[in-house]
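Participant: So that we are looking at the same thing, I have put the structure below in structure tokens.
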Amino acid sequence: MRNLLFCFLLGSALFVSCTDTGKTEPMLRFRMRLDSTQERLNNIGAPAGIPAENRAQNPRFNAIAVHYIELASSPYTLLGQGSILYQTASTSQGGSQAILFDSLVMVNDNEVFFEIPLSQVPAGNYSWIRVSLAYQNYDISFRVGPPQVPVTLNGTASVASFIGYNTYIKTHLVKTLSETLNSNRAQGYWAFETAIPGYPAQLSSGQAPPGATTVPNPLWQSSPIPAGSCVVTGPFDQTLSVNAQSNGDIEVVVSLSTNKSFEWKESGGNNVYEPLAGDTVVDMGIRGLVSTVVEQP
């Protein structure tokens with residue numbers, strides 16, 4: 001039997017407890033999809049190419065975390081006025097209000113990141129979904145070479161990318177190395193762990209400038225999103241209808257575009273990310289959201 005989830009929204013945190021009732025109940029389930037072939041969009045939801053002076057690559061994901069889900073019935077539903085289904089814990093321990101990193105649920109491609117009984121979802125017809133992202137962890141390819149080092153070396157780097165509006169981080173693990181902060185970090189904070197065969201792993205970190213995180217919102221004119229947030233907005237492929245007569249599970253596949261989402265300003269004229277040669281990262285965001293509604297008997 002499926003455990004019945006009882007979800008209680010209290011303040012800014014959603015506390016979830018599970019009780020085995022011995023009964024099944026129709027559920028609304030959200031599954032993550034990370035798609036490097038999906039259309040690449042800009043902040044206003046329009047198709048976006050890569051500027052001639054830049055290069056980009058598809059990151060290979062290890063984990064991603066969501067901290068907010070909202071359903072909207074129309075393009076004019078303002079942020080926070082739709083049906084808020086999920087919100088992780090926040091804290092002011094680091095000074096200003098921030099996402100509590102330790103409360104995030106990490107998932108990867110094709111994994112369920114949240115589910116809730118349909119009886120607890122406000123009845124309605126929903127056409128749009130807002131998903132606020134907090135964290136990404138992925139691998140990219142990079143190169144170091146002369147004159148920084150004697151020979152050219154190709155390696156893999158694991159990137160921990162904090163894309164939420166503000167995050168309180170005690171300690172976080174990038175891949176094999178961890179970093180202890182016990183403080184807030186604004187959107188765009190990153191940690192970079194390098195792996196080159198025959199060399200010890202190295203860890204560096206830094207803060208990307210404001211605007212370096214693309215957050216597509218095709219409803220930017222009718223329902224804008226505050227600057228500095230990571231609330232990605234996208235349509236359902238068909239209307240999501242929730243009513244008292246729903247008697248089967250509904251799954252929503254939340255497909256995020258990771259199409260060339262790691263982008264840098266190229267200094268060497270090639271297609272290789274070379275951080276020690278002057279290549280500078282200009283974007284670590286998500287490049288679009290499309291959701292598919294799947295009804296299950």
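Participant: Could you tell me whether region 231-254 includes any residue that is assigned to a loop (DSSP other than H, G, I, E, B), modelled with pLDDT of 95 or more and either surrounded by 13 or more Cβ atoms within 10 Å (Cβ to Cβ) or out of contact with any Ser or Thr (no Cβ under 9 Å at 6 or more places or on another chain) (or both)?
Facilitator: Checked against the condition, which is being assigned to a loop (DSSP other than H, G, I, E, B), modelled with pLDDT of 95 or more and either surrounded by 13 or more Cβ atoms within 10 Å (Cβ to Cβ) or out of contact with any Ser or Thr (no Cβ under 9 Å at 6 or more places or on another chain) (or both), region 231-254 yields no hits at all.
Participant: Next up: Could we say that R143 is among the charged types (D, E, K, R) and modelled with pLDDT under 95 here?
Facilitator: Taking the combined requirement at face value, the residue satisfies it.
Participant: I would also like to ask the following. Count, please, the residues in region 62-88 that happen to be part of a loop (DSSP other than H, G, I, E, B), surrounded by fewer than 18 Cβ atoms within 10 Å (Cβ to Cβ) and of a type in the set (A, V, I, L, M, F, W, C).
Facilitator: Going through region 62-88 one residue at a time, the tally reaches 1.
Participant: While we're looking at this one, here's another question. Select, from V144, V107, the only residue that is touching a helix residue (DSSP H, G or I) at 6+ places or on another chain (Cβ under 6 Å) and closer than 22 Å to A191 by Cα.
Facilitator: Among V144, V107, only V144 is touching a helix residue (DSSP H, G or I) at 6+ places or on another chain (Cβ under 6 Å) and closer than 22 Å to A191 by Cα.
Participant: Do any strands (runs of 3 or more DSSP E) entirely within region 123-194 hold 1 or more residues that are under 18 Å from D279 (Cα atoms) and of a type in the set (V, I, T), and if so, which?
Facilitator: 124-144, 153-162
Participant: Something else about it: Considering region 193-227 alone, what residues qualify as being surrounded by 14 or more Cβ atoms within 10 Å (Cβ to Cβ) and farther than 15 Å from R130 by Cα?
Facilitator: E193, T194, A195, I196, A201, L203, S205, A208, G211, A212, T213
Participant: Name the residues in region 50-61 that are assigned to a loop (DSSP other than H, G, I, E, B) and farther than 19 Å from S161 by Cα, would you?
Facilitator: Listed by number, the residues that qualify are I50, P51, A52, E53.
Participant: Specify the residue that is surrounded by the most Cβ atoms within 10 Å (Cβ to Cβ); the eligible residues are those in region 255-280 that are of a type in the set (V, I, T) and outside any strand (DSSP E or B). Outline the logic, then answer.
Facilitator: Let us first name the residues in region 255-280 that are of a type in the set (V, I, T), namely 258, 272, 280.
Narrowing the set further to residues that are outside any strand (DSSP E or B) leaves 258, 272.
Details: T258: 26, V272: 17.
Result: T258.
Participant: Same structure again: Evaluate the following for W220: is it in a strand (DSSP E or B), under 29 Å from N110 (Cα atoms), modelled with pLDDT of 90 or more and among the aromatic types (F, W, Y)?
Facilitator: The answer is no for W220.
Participant: List, please: which pairs have Cβ atoms under 6 Å, are six or more places apart or on different chains, and start with a residue in region 258-271 that is basic (K, R) and end with one that is part of a strand (DSSP E or B)?
Facilitator: Close Cβ pairs (under 6 Å, with a partner that is part of a strand (DSSP E or B)) amount to K260/A56; K265/N54; K265/T280; K265/V282.
Participant: Specify the residue that is surrounded by the fewest Cβ atoms within 10 Å (Cβ to Cβ); the eligible residues are those in region 136-170 that are of a type outside the set (F, W, Y) and in contact with a Leu (Cβ under 6 Å, 6 or more places away or on another chain).
Facilitator: So, considering only residues that are of a type outside the set (F, W, Y) and in contact with a Leu (Cβ under 6 Å, 6 or more places away or on another chain), the one surrounded by the fewest Cβ atoms within 10 Å (Cβ to Cβ) is Q148.
Participant: Is there any pair linking a residue in region 142-160 that is within 13 Å of Q202 (Cα to Cα) to one that is of a type in the set (S, T, N, Q), with Cβ under 6 Å and at least six apart or on different chains, and which?
Facilitator: Short answer, once both residue conditions are applied: G155/T194; A157/T194.
Participant: Of the conditions (1) surrounded by 21 or more Cβ atoms within 10 Å (Cβ to Cβ); (2) more than 25 Å from R130 (Cβ to Cβ); (3) among the basic types (K, R), R185 fails just one. Which one is it?
Facilitator: Every listed condition holds for R185 apart from (2).
Participant: Could you figure out which of (1) within 21 Å of A191 (Cβ to Cβ); (2) surrounded by 18 or more Cβ atoms within 10 Å (Cβ to Cβ) isn't true of Y126?
Facilitator: So Y126 meets the others, but not (1).
The values are calculated or read from the model by the stated rules, or taken from the named source; none is laboratory data. Not measured: the values here are computed from a predicted model. Backbone-built Cβ (ideal geometry, glycine too); neighbour counts: all protein chains shown.
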